[in-house]
Amino acid sequence: MVSVLNVDFVSISLDKLVIELSKRIKLSQKTFIVTANPEIVMYGNKDSDYLKMINSADYVIADGYGIILASKILGNELPERIAGFDLMNTLLAKGNEEKWSVYFLGAKEEVIDKAVKNIQDQYPDLNIVGWQNGYVDVHSEELKKNIASKNPDLIFVGLGFPKQEKWIAESIPLFNKGIFMGVGGSFDVWAGAVKRAPESWQKLHLEWLYRLLQEPKRWRRMTVLPIFVLKVVKERFKN
């Protein structure tokens, strides 16, 4: 475990994580995954309830190079960045092989419909048991119980943070099994509404910049990055 500004990250590689998650699916163990980037860490440091919630997850993974950089600065380096989109896709591919069942929640109706179609086309042996856009009362007991009744192995929730993590935390007791994971805007990428940064940008750790160029309105959210790094540096010298 590696702590970055009070958030406890699991020190694991993508390959090993998928092996562990596959075992948990076979054992019908409910599993809560948080894909945390600097923005989520900073939000958690402002909201103690949210911080407690994400630290109660089974796995908090480093989604964002900023987290890897922070772990280096703090002297306890995480092995690699595990992008939420990459983990989602790896689980979908594994689910296609193992014929796992999956449910999708979030995004606009036209986006989730297109995303599900594209996922089904790419992974025809994946057992998609249902999906629902995020523009309904996602907190209704009826919706939660309906999803739980389908007994999905994978539940991907794309409501954006902190909403998706809160939904998982309050809903997971109703389920008998399942890997629960907040996936942010991944459905937009799958639907083709948003393009993911090319691999060359990813290798340069500039995925955030590529996203900003696509969606300039995100600039306010990006201002958290330098503040995050400054807090990490202060934490390093304080210790």
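The values are calculated or read from the model by the stated rules, or taken from the named source; none is laboratory data. None of these values were measured; they are calculated from a predicted model. No Cβ is skipped: glycine too gets one built from the backbone with ideal geometry, and neighbour counts run over all protein chains shown. Note: accessible area is taken over every heavy atom of the protein model, side chains too, but ligands, DNA and RNA are not part of it. Shrake-Rupley method; radii C 1.70, N 1.55, O 1.52, S 1.80 Å.
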Exercise for the section: Give the ranking of GLU39, GLU142 by solvent-accessible surface, highest area first, calculated with a 1.4 Å probe. Expected result: GLU142, GLU39
Handout entry: Under 13 Å, Cβ to Cβ, from LEU21 - net charge with Lys/Arg +1 and Asp/Glu -1
Key = +2
Problem - region 117-194 - percent of accessible surface contributed by carbon and sulfur, probe 1.4 Å - result: 46 percent
Practice task
Any chance you could look up the accessible area of VAL111 with a 1.4 Å probe, heavy atoms only, rounded to 10 Å²?
Solution key: 20 Å²
Problem - Alpha-carbon radius of gyration plus Dmax, which is the widest Cα pair, for region 86-178 in Å - result: 12.6, 33
Fill in the blank from the handout: Taking only protein heavy atoms and a 1.4 Å probe, the highest-to-lowest accessible-area order of LYS52, LYS145, LYS166 is LYS52, LYS145, LYS166
Completion exercise
Quick tally, 1.4 Å probe accessible area for ARG236, ARG24, sorted with the most first, runs ARG236, ARG24
Exercise for the section: At a Cα cut-off below 22 Å, give the lysines reachable from LYS30, other chains included and same-chain residues fewer than 8 away excluded. Expected result: LYS16, LYS52, LYS94, LYS99, LYS144, LYS145, LYS150, LYS163, LYS166, LYS177
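May I ask you to work out the translational diffusion coefficient for the chain at 4 °C, viscosity 1.567 mPa s, via Stokes-Einstein with Rh from the Kirkwood sum over Cα pairs, reported in whole µm²/s? Let's see the in-between values first.
On the way: Rh = 18.3 Å.
Value of D from the Cα-based Kirkwood radius: 71 µm²/s.
May I ask for the net charge around MET53, where only other residues with Cβ less than 13 Å from the Cβ of MET53 are counted and Lys, Arg are +1 while Asp, Glu are -1?
Cβ neighbours under 13 Å give a net charge of -3.
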Problem - Cβ-based net charge around ALA191, under 10 Å, with every Lys or Arg adding one and every Asp or Glu removing one - result: 0
Problem - Mean separation of Cα contacts under 8 Å, 6 or more apart, over the residue count of the chain: relative contact order % - result: 23 percent
Handout entry: Solvent-accessible area of LEU5 with every protein chain in place, 1.4 Å probe, in Å² to the nearest 10
Key = 10 Å²
